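Taking it in order: structure first as structure tokens, then the write-up.
The values are calculated or read from the model by the stated rules, or taken from the named source; none is laboratory data. Computed from a predicted model, the values in this text were never measured in an experiment. So basically every Cβ, Gly included, is an ideal-geometry build from the backbone, and we count neighbours across all protein chains shown. The accessibility values were calculated without ligands, DNA or RNA, using every heavy atom of the protein model including side chains. Shrake-Rupley method; radii C 1.70, N 1.55, O 1.52, S 1.80 Å.
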Amino acid sequence: MLKFTTRNVSGVLVLSFEATDDLVTDWQVTQRDWLYKLVESHPDSRFAIDLSGVNYLASSEIGFLVSLKRRIDRRQGRVVIFGVGPYILEIFQTMNLVKVLDIVEDFGAALVKLATPAGA
């Protein structure tokens with residue numbers, strides 16, 4: 001399972017995920033819905049997802065990240081993922097998710113990418 005914290009850096013909502021051993025079965029219903037609403041209502045449409053605290057993702061968690069990206073895309077937002085370890089990056093490459101996810105190395109690179117106009 002994943003848990004997350006949020007922080008605001010210069011208008012960018014940073015979602016930091018980390019692995020947890022908690023086996024809370026209603027996490028998907030409560031925390032994910034809360035996070036979806038937060039993303040949809042955040043005044044700025046720029047988001048950064050920090051996966052540096054995660055070394056494994058279950059298929060449902062990968063699906064959650066893709067769903068989160070789609071919700072951000074629907075509001076014409078931008079999302080950059082950073083801190084992706086080699087194992088997770090390999091999974092993303094195998095699943096061809098590197099074509100749809102904007103992945104950079106670190107937080108600084110994420111902020112630079114989000115400060116650059118889309119398409120530049």
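So here's what we get for this one:
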| quantity | calculated |
| --- | --- |
| Where PHE47 falls short, out of the listed (1) in a helix (DSSP H, G or I); (2) within 23 Å of THR20 (Cβ to Cβ); (3) open to solvent by less than 20 Å² (accessible area, probe 1.4 Å); (4) not basic (Lys, Arg) | (1) |
| Residues located in segment 97-120, provided they are touching a residue at least 40 places away in the same chain (Cβ under 8 Å) and surrounded by fewer than 16 Cβ atoms within 10 Å (Cβ to Cβ) | ALA118 |
| Considering residues of segment 82-96 that are open to solvent by 100 Å² or more (accessible area, probe 1.4 Å) and in contact (Cβ under 8 Å) with a residue 12 or more places away in the chain only, the residue farthest from ALA19 (Cα to Cα) | MET95 |
| LEU2 surrounded by 15 or more Cβ atoms within 10 Å (Cβ to Cβ), under 12 Å from the mean Cα position of the chain (by Cα) and at pLDDT below 90 | yes |
| When residues of segment 5-44 are limited to those that are open to solvent by 40 Å² or more (accessible area, probe 1.4 Å) and part of a strand (DSSP E or B), the one modelled with the lowest pLDDT | ALA19 |
